[in-house]
Amino acid sequence: MFFRMIRGTFTKQLGKMLLIAFTIALGASLATAMINVMMDVGNKVNAELKTYGANITVSPKGASILSDLYGVEEGTGDDEFLSEEALPKLKTIFWSYNIVDFTPYLKGRVTLDESDVMLVGTWFDHHMETPSGESLDTGMREMKTWWDIEGEWLTDDDDDECMVGIGAAQKYGIAAGDTITVNKGGSSAEYTVKAVFDTGSDEDDYIYTTLKAAQELFGRQGLISSIEVSALTTPDNELSKRAAQDPQSLSAADWETWYCTAYVSAICYQIEEAIPDCSAKAIRQVADSEGAILEKIQLLMILITALALIGSALGIMNLVAASVMERSQEIGLLKAVGAHDIQVIGLVLTEIMLTAVLGGVLGYIAGMGLAQIIGMTVFSSSIAITPVSMPLVAVLVLCVALIGSIPAIRMLVKMNPTEVLHSN
Amino acid sequence: MADKSKSVTAQDNEDILVLEGVSKIYGELKALNNVDLKVKKGEWVAIMGPSGSGKSTMMNIIGGMDKASEGRVILDGMDITKESAKSLTNIRRDKIGLIFQQFHMVNYLTAVENVMVAQYYHSMPDEEEALQALDRVGLKERAKHYPSQLSGGEQQRVCIARALINYPKILLADEPTGNLDETNENVVVEIFRQLHNEGSTIIVVTHDPEVAAVAERTIVLEHGRITKNIINHNDYSKPINLRDYEGLSDEMLLGKG
């Protein structure tokens, strides 16, 4: 009989129930979209921020100590070096898939027109096969997308060419197409200037050429002085900050949590494990900014989700209360013939919950679509649907439906069957 | 069903309902004022009175849907005056069959399902028994029809079947013919006659003098007080036609007769 009554409600009050389902679907779709975007926004924002540069620098341990103690810029060409062969090891760490780009540098002072100038050898569009079998294209072109280039980017085969920063170009009167000769000790090299670039930073005074060309000039075959790494990271928290200071101070459980989370400090630690005698350090300003931006975006999304659900609950409150008022005679009658409050509440709540399930399913499907629209519009890529979003949305929808039904239930409990009988 | 009906109808003269000094007070207003009333098992009583006389208040109190401010209400030997709302719901469910003027059916359930609703909240729905109840009021053929597909008279007969389905101690009808034409009035009154002959206790609240006159006894209420208690001498061995009843005269109703 109970289900006959439920079925009757749905067949005879289909329009009203659909309206309630629609309200729930609206809330559920926004919640679904926001939860999925929120879960994936870390990766998206990180990826977005990665276009503004690296967030980890790797340098030889000795150079790093000098830098820490005396503020000496590492990689000046005369100190410690890393082996170029160690570079693929970056893609062997636990969080290897989070390392999206990296590029090595070999830096050294050279003489140009009897003045000292910094020459940097690096990768521009380097293709490599990682030990895990992954194919990777990395280098400056990917990592310095904001550089303003007049001319063309170098490729890794352009060993006789270079790019000159705008500061150096102005100082020495160099333009794209010119040929320059640089000297280092007893050796010299002649490069054709392929481009002049503007970065707005110290790099504007540098000359860039291929890693191979720099190694030949400096006589440092197979060596590099530093690596810049761009990694997708999880925003720092108290655990990661503690770990960054001293990983060994963590308990076993904390250590495992930290190690298995893509904190920038955990990734640095793993890089140091993979490459011997190196020091990997977070570029703190970038990492902190990423964390702060992510936190703000996630907070915004939580607020939007909460507002959507509150709006949905308010809508349900009105609709269910209106429905109960409209059905007051029916409810009064049920009470008059012997239905207890709890039985009538059970009936109404079952109707609402079934409607919520329908609205929730429709809302979830719509929400997945909405998440993709947001992903494509904002990040130009799809949003990964998190499996956990389904039970989360289900719980939220049922809670919202339940909360939305409270005023109607209170009204229902207060309803006196004499209202039905009244017939003077 | 007929057998069970007999089991709840008393063949003796025990009082099924006793009101002792019952008052219902709303602020300064006394809707019921120190009412005493006894109804015997198997008795057919009509309660009459003008609007505002306290008829509905009295019915609500007898039906366990309202509580008396003062006095005692003893139903089937049980003082229901101090019972909780939950207990009153049980009493209503187990002891009282309610019939309303506006029929009040669940509009998305068929006639038989409307009867089964009362079974569901009482014990266990039994479609066969519900169909028998509809057959008793002559509506078995309309069992699968929705309220919107039934006439007013048919709806009221479904409500009577619903009120009878749990074999109540008292059938409590509030203006049961108030919304019916003469033909359907006769149908309903005739069902009451049959139930009375089977021993059912019937209390009918009405403002229709003819419907009041066909009862065994008519109680007249005015300003919350019982002003008249009239015994009607009717022959219940043959079908009732309200046209044959002139109703109670104004003199009788005003206590001058």
Item to check | Residues of segment A:1-33 satisfying the condition of being under 23 Å from B:Ser123 (Cβ atoms) and not in a helix (DSSP H, G or I) | outcome: A:Met1
Checklist entry - Has segment A:368-391 got at least one residue that is over 28 Å from B:Thr110 (Cβ atoms) and within 14 Å of chain B (Cβ to nearest Cβ)? => result no
Checklist outcome for this item: From the option list B:Arg217, B:Arg162, single residue qualifying as of a type in the set (D, E, K, R), over 22 Å from B:Val112 (Cβ atoms) and at pLDDT 85 or above is B:Arg217
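Sort out which residues of segment B:65-75 are surrounded by fewer than 20 Cβ atoms within 10 Å (Cβ to Cβ) and either in contact with a strand residue (DSSP E or B) (Cβ under 6 Å, 6 or more places away or on another chain) or modelled with pLDDT under 85 (or both), and write them in order of number. Lay out the reasoning, then the answer.
So the first thing to find is which residues in segment B:65-75 are surrounded by fewer than 20 Cβ atoms within 10 Å (Cβ to Cβ), and the list is B:67, B:69-72, B:74.
The answer is B:Ser69, B:Glu70, B:Gly71, B:Arg72, B:Ile74.
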Checklist entry - What is the number of the single condition among (1) crowded, with 19+ Cβ neighbours inside 10 Å; (2) in a loop (DSSP other than H, G, I, E, B) that A:Gly200 does not meet? => result (1)
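Hey, does segment A:376-393 have a residue that's assigned to a helix (DSSP H, G or I), in the same structural domain as A:Phe22 (by TED's automatic domain parsing) and over 22 Å from the mean Cα position of the chain (by Cα)?
Residues of segment A:376-393 that are assigned to a helix (DSSP H, G or I), as a first pass: A:376-379, A:389-393.
Now restrict to residues that are in the same structural domain as A:Phe22 (by TED's automatic domain parsing): A:376-379, A:389-393.
Among the residues that remain, those that are also over 22 Å from the mean Cα position of the chain (by Cα) are: A:391.
Checked segment A:376-393: at least one residue is assigned to a helix (DSSP H, G or I), in the same structural domain as A:Phe22 (by TED's automatic domain parsing) and over 22 Å from the mean Cα position of the chain (by Cα).
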Checklist entry - helices (runs of 4 or more DSSP H) wholly in segment B:41-149 with at least 3 residues that are within 7 Å of chain A (Cβ to nearest Cβ) and touching a residue at least 40 places away in the same chain (Cβ under 8 Å) - which ones? => result B:111-122
Checklist entry - Residues A:Gly185, A:Gly165: which one is among the small types (Gly, Ala, Ser) and surrounded by 17 or more Cβ atoms within 10 Å (Cβ to Cβ)? => result A:Gly165
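Pick from A:Val37, A:Val41: which is away from chain B (no Cβ under 14 Å), surrounded by 19 or more Cβ atoms within 10 Å (Cβ to Cβ), part of a helix (DSSP H, G or I) and modelled with pLDDT under 80? Spell out the reasoning first.
Numbers: A:Val37 fails: modelled with pLDDT under 80.
One residue alone meets the criteria, A:Val41.
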Item to check | Condition check for A:Glu134: at negative phi, exposed (fewer than 15 other Cβ atoms within 10 Å of the Cβ) and in the same structural domain as A:Thr233 (by TED's automatic domain parsing) | outcome: yes
Checklist outcome for this item: Flagged in segment A:247-263 as assigned to a helix (DSSP H, G or I) and modelled with pLDDT of 85 or more, in numbering order, are A:Ala252, A:Ala253, A:Asp254, A:Trp255, A:Glu256, A:Thr257, A:Trp258, A:Tyr259
Checklist entry - Can you spot a residue in segment A:340-361 that is in contact with a His (Cβ under 9 Å, 6 or more places away or on another chain), buried (at least 21 other Cβ atoms within 10 Å of the Cβ), assigned to a helix (DSSP H, G or I) and within 14 Å of chain B (Cβ to nearest Cβ)? => result no
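State whether one or more residues within segment A:102-113 are in a loop (DSSP other than H, G, I, E, B), in contact with a helix residue (DSSP H, G or I) (Cβ under 7 Å, 6 or more places away or on another chain), over 30 Å from A:Met301 (Cα atoms) and at pLDDT below 90. Break it down into steps so the answer makes sense when it comes.
Going through segment A:102-113, the residues in a loop (DSSP other than H, G, I, E, B) turn out to be A:113.
Pick out the ones that are also in contact with a helix residue (DSSP H, G or I) (Cβ under 7 Å, 6 or more places away or on another chain) and you get A:113.
Next, from what is left, pick out any that are over 30 Å from A:Met301 (Cα atoms): A:113.
Now restrict to residues that are at pLDDT below 90: A:113.
There is at least one residue in segment A:102-113 that is in a loop (DSSP other than H, G, I, E, B), in contact with a helix residue (DSSP H, G or I) (Cβ under 7 Å, 6 or more places away or on another chain), over 30 Å from A:Met301 (Cα atoms) and at pLDDT below 90.
Could you please give the count of residues in segment A:210-229 that are in a strand (DSSP E or B) and touching an Asp or Glu at 6+ places or on another chain (Cβ under 7 Å)?
Initial filter on segment A:210-229 (in a strand (DSSP E or B)): A:210, A:223-224, A:226-229.
Next cut, touching an Asp or Glu at 6+ places or on another chain (Cβ under 7 Å) only: A:210, A:223-224, A:226.
Residues that pass the stated criteria total 4.
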Item to check | Condition broken by B:Thr177, with the remaining ones in (1) modelled with pLDDT under 85; (2) part of a helix (DSSP H, G or I); (3) surrounded by 18 or more Cβ atoms within 10 Å (Cβ to Cβ) satisfied | outcome: (2)
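Filter segment A:205-246 down to the residues that are closer than 19 Å to A:Ile283 by Cβ and more than 23 Å from the chain's Cα centre (by Cα), then identify the one that is surrounded by the fewest Cβ atoms within 10 Å (Cβ to Cβ).
Start the filter on segment A:205-246 by keeping residues that are closer than 19 Å to A:Ile283 by Cβ, which leaves A:206, A:224-237, A:240-241, A:243-245.
Then keep just the ones that are more than 23 Å from the chain's Cα centre (by Cα); that gives A:206, A:224-226, A:245.
Numbers: A:Tyr206: 20, A:Ile224: 28, A:Ser225: 26, A:Ser226: 25, A:Gln245: 8.
So, considering only residues that are closer than 19 Å to A:Ile283 by Cβ and more than 23 Å from the chain's Cα centre (by Cα), the one surrounded by the fewest Cβ atoms within 10 Å (Cβ to Cβ) is A:Gln245.
The values are calculated or read from the model by the stated rules, or taken from the named source; none is laboratory data. All figures in this text were calculated on a predicted structure; none of them were measured in a lab. Every residue, glycine among them, receives a Cβ derived from its backbone with ideal geometry; neighbour counts consider all protein chains shown.
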